[in-house]
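Notes for the one structure printed next.
The values are calculated or read from the model by the stated rules, or taken from the named source; none is laboratory data. Everything quoted here is computed from the prediction, not taken from an experiment. Reconstructed Cβ throughout: ideal geometry from the backbone, glycine too, with neighbour counts over all protein chains shown. These accessible areas exclude ligands, DNA and RNA; they are computed on the full protein's heavy atoms, side chains included. Shrake-Rupley method; radii C 1.70, N 1.55, O 1.52, S 1.80 Å.
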Amino acid sequence: LGQLSAIFVAQSRDKGLGTSEQPSSIRSCCEMSVAKNLATVRAHVAQIAKECGADPRLVAVSKIMPAATVMQAYDVGQRHFGENYVQEICEKAPQMPEDIKWHFIGHLQSNKAKMLVKSVPGLFMVESVDSKKCASSLDKACEAAGRGPLQVMVQVNTSEEGSKSGCEPDEATEIARHVLACTRLEFKGLMTIGKLGDPNPEPYFKLLHSVRGKVAAELGVDEASLELSMGMSGDYPLAIQMGSTNVRVGSTIFGARPPKEPATPDTPPTAAAPPSSADAARVNSSATKPPSAAAPTITLAAKSADASAAPAPALREERWVGSSVVVAAGVTVAAGVAALALLRLRRV
């Protein structure tokens, strides 16, 4: 049954969003959904911004979404998109229009900076600089690529989670000062994520706002000139009210994200264990009996093994998948019952 479930999931994924085999009526419905969701978010952002006298930037977070789905947002005017993984943005960006303004918002390892800058000419901003080493790597990568200043934000860990990226609040000024010394980087402000799942993100937003004031004072710049990137799908209204100039919204626009494909390293088949002395005795004992008594059991086991090893036939329509799973499950159970009955007869 576990194998049958895996077949069902695989066939469902093959028929999922972004595949060429998906019926056009379903694709049109999904495209309308992304466009409708984006329009709703834009209207909500505009309403809150008007009440607060703000003008926040909306970044559509498209991580793990296929290029075709991202294009649905692009087609209705969205230009700022956010990505979390270097390899994904480097593969996705060349498939997309050149006027997209990409924001990298995930943790950036220093050794991936060159790849990111070189592969994404439309890289608009890196919001997740959390060390001087990371900033230096980006600076060198921009120089090697011959591109102009790259806008960066310093990511601050406001939730005190050791597993989360971002510098400590009292380290922000030092990193920001280092960014200002990099000729190919432009310091734009601060970013934070906060504690995921916390129903009250206000303390994290307050802390980032406070850190901005401190950084501005120590650098001798106008606090209002530094951006605040905070607020995601579940809390962007509050973030805007608390001064965010850059909100990162993903699932509210694109829907639930598909799971990332797990790595499947090749593993050598496990060798069968040698038979025990008891097993050998049973084999020798059965060899002295007439072949008619043992033949049905051997034949049935072979057929059962072949059935489980053979790949399931490709189903052209999703509506047949559920019934196929039920039928196949019934056949598997029936085969097991028959094998048990024959085994009991053999013992008698």
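List of remarks:
- Zone of Ala39's modelled label, taken as backbone nitrogen in the stretch 55-77 under 17 Å from a point 7 Å along Cα→Cβ: 72-77
- Ranked by how many other beta carbons lie within 10 Å on average, peptides 63-74, 129-140, 216-227, 192-203 from highest: 129-140, 63-74, 192-203, 216-227
- Rounded if a/c under 1.5, otherwise prolate or oblate - the stretch 24-136, Cα gyration tensor axes: oblate
- Amide hydrogen neighbours beyond the local backbone of Gly82, cut-off 5 Å, H modeled: Ala60, Val61, Ser62, His103
- In order through the stretch 153-161: 3J(HN,Hα) via Karplus (6.51 cos²θ - 1.76 cosθ + 1.60), integer Hz, x for Gly, Pro: 10, 9, 7, 10, 7, 9, 9, 6, 8
- Split the accessible area of the stretch 99-164 by element, probe 1.4 Å, and carbon with sulfur accounts for 47%.
- Backbone HN-Hα couplings from phi across the stretch 93-98 [Karplus 6.51/-1.76/1.60, Hz, Gly and Pro as x]: 4, x, 7, 10, x, 6
- Residue-span extension gain [Asp198 to Cys90] - 0.36 nm each, minus C-alpha spacing: 35.7 nm
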